[in-house]
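The values are calculated or read from the model by the stated rules, or taken from the named source; none is laboratory data. These numbers come from a predicted model, not from an experiment. As a convention, Cβ positions derive from the backbone with ideal geometry for all residues, glycine included, and neighbour counts pool all protein chains shown. Just the protein is used for accessible areas: all its heavy atoms, side chains included, with ligands, DNA and RNA removed. Shrake-Rupley method; radii C 1.70, N 1.55, O 1.52, S 1.80 Å.
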Amino acid sequence: MLGVKPDNGDTSYLPGQYASLGIGYWEKRIDNADDPEAEKRWDKLIRRSYSISSRIFDDYGYLTDENGLDELEFYIVLVPPTSDNIPALTPRLALKKTGDRIYLGPKVAGRYTLNDVQNPKAEIVFFSTGTGEAPHNGMIIDLLRKGHTGPIISAVTVRQNADLGYADKHRELEERYPNYHYVPMPTREEGVPKRYLQDLLRDNDFSEKLGVTLSPETSHVFLCGNPAMIGSPEAIDGKQVFPETVGVVELLVNEGFTLDRRNAPGNIHFEEYW
Ligand SMILES: Cc1cc2nc3c(=O)[nH]c(=O)nc-3n(C[C@H](O)[C@H](O)[C@H](O)COP(=O)(O)OP(=O)(O)OC[C@H]3O[C@@H](n4cnc5c(N)ncnc54)[C@H](O)[C@@H]3O)c2cc1C
């Protein structure tokens, strides 16, 4: 978790939106990876998009009022170098300490928001991988603050339980709001069978374990993080072609859900992190 105080004090955003953070190529990195860009671009800024997260509770234990805060919260994972990619920003960000300055873009952006959720009784599902939970934290709080009475479910896959940055807060939310359910799914935790978010839909977990029936008429599903989990289709010769590995979008489309597009509102909303 990282708090960034904008110089101009403007922390307004719609839950779900993202901002841009930047760090110079000239800055030190935490790993010893040999960054091929660093020499060529040493005086340039590395910029990446980051969803705005939420600390969920304020100092008194109430749900946060994001508009009253003087900083934006981010939830960012350190990306390790691999044989085909030397990450640029996160290994430099990892060395930042309280009080250091970093670049924050002047505008927040994104249409991955709750704009289309108009029915307070609707079933709202959030699926994320890892730090894909970030935008959902603020969206969940927004729904709860507005008195949403329909079921709200947030399911997230991580490698291990220790990777769940906000788990205790989600458990506290579950205690306070009977319509809220948190479903963490570690894939590399001893004794826990490996399951993917797609399996929750295939195995009817929602109706059988949570008693919640999803339907294209009333439900909205929000997907954020790894593009393979999302599995958004490509338009080829006017047809929607889904990726080989079946993602959540394909399973939902088969059930009658539709993708939310700029000029055609739908009930599947997604934000891909790469
Ligand atoms: C709209 C949007 C919002 C985003 N919000 C977040 C956020 O809230 N938190 C966050 O951690 N990242 C977020 N990202 C990803 C972020 O922009 C960077 O891509 C990421 O931090 C890696 O940057 P880098 O320069 O260190 O690595 P890069 O050199 O840019 O490496 C990119 C590679 O890193 C891996 N990667 C990128 N993001 C992640 C991730 N979150 N988890 C695991 N592997 C990853 C992928 O393999 C990707 O191909 C978001 C991306 C977009 C487009």
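Structure above, values below:
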item: With Cα atoms, 0 to 90° folded angle of helix 167-176 axis to the chain main axis; result: 40 degrees
item: As computed over segment 215-254, the Cα convex hull volume per residue (Å³); result: 76 Å³
item: Flagged links, alpha-carbon separation over 29 Å, of Lys40/Lys97; Lys107/Lys239; Lys96/Lys194; Lys146/Lys239; Lys44/Lys96; Lys146/Lys209; result: Lys107/Lys239; Lys96/Lys194; Lys146/Lys239
item: Rounded accessible area per residue of the chain, 1.4 Å, Å²; result: 55 Å²
item: Within segment 178-274: Cβ-based charge dipole about Cα centre, in debye rounded to nearest 20 (Lys, Arg +1; Asp, Glu -1); result: 100 debye
item: Gained length - Lys194 relative to Val246, 0.36 nm times residue gap less alpha-carbon distance; result: 17.1 nm
item: Surface share of carbon and sulfur [accessible, 1.4 angstrom probe, percent] for segment 199-274; result: 46 percent
item: Calculated [θ] (222 nm, deg cm²/dmol) that DSSP helices of n ≥ 4 give over the chain, each run adding -39,500 (n - 2.57); result: -4500 deg cm²/dmol
item: Distance in nm between pseudo-label sites at Glu172 and Leu2 (7 Å out along the Cβ direction from Cα); result: 2.4 nm
item: Dipole moment magnitude, nearest 20 debye, the chain about Cα centre, only Lys, Arg, Asp, Glu C-beta charged; result: 440 debye
item: Backbone N within segment 40-75 under 18 Å of label point (7 Å from Asn161 Cα along the Cβ vector); result: none
item: Alpha-carbon spread of the chain, three principal axes, descending order, Å; result: 54, 50, 46
item: Furthest towards positive pole of dipole, Ser49, Ala33, Asn67, structure part segment 1-109, Cβ charges; result: Ala33
item: Extension gain, Trp42 back to Thr98 (0.36 nm per residue minus Cα-Cα distance, nm); result: 17.7 nm
item: Accessible carbon and sulfur surface of segment 1-148 relative to its total accessible area, %, 1.4 Å; result: 48 percent
item: Ratio Rg/Rh [Cα only; Rh per Kirkwood] for segment 1-109; result: 1.01
item: Size of segment 135-185 as Cα extents on the principal axes (Å, biggest first); result: 33, 20, 15
item: Shape category assigned to segment 1-44 from the gyration tensor of Cα positions, a/c cut at 1.5; result: prolate
item: Cα-based helix-to-principal-axis angle, 134-145 vs the chain, degrees rounded to 10; result: 50 degrees
item: Burial ranking of peptide ranges 146-155, 8-17, 254-263 (average Cβ count within 10 Å, highest at the top); result: 146-155, 8-17, 254-263
item: Kirkwood hydrodynamic radius of segment 156-227, Cα pairs, Å; result: 13.8 Å
item: Selected from Val192, Thr258, Gly105, residue furthest toward positive end of dipole (the chain; charges at beta carbon); result: Gly105
item: Choice from Asp100, Asp35, Asp205 showing the highest fluctuation, given a GNM over the chain with Cα pairs closer than 10 Å; result: Asp100
item: Potential lengthening between Glu234 and Asp31 on full extension [0.36 nm per residue; Cα-Cα distance subtracted]; result: 69.5 nm
item: q = 0.11 Å⁻¹: log10 I(q)/I(0) that the Debye formula gives for segment 124-272, counting C-alpha atoms only; result: -0.41
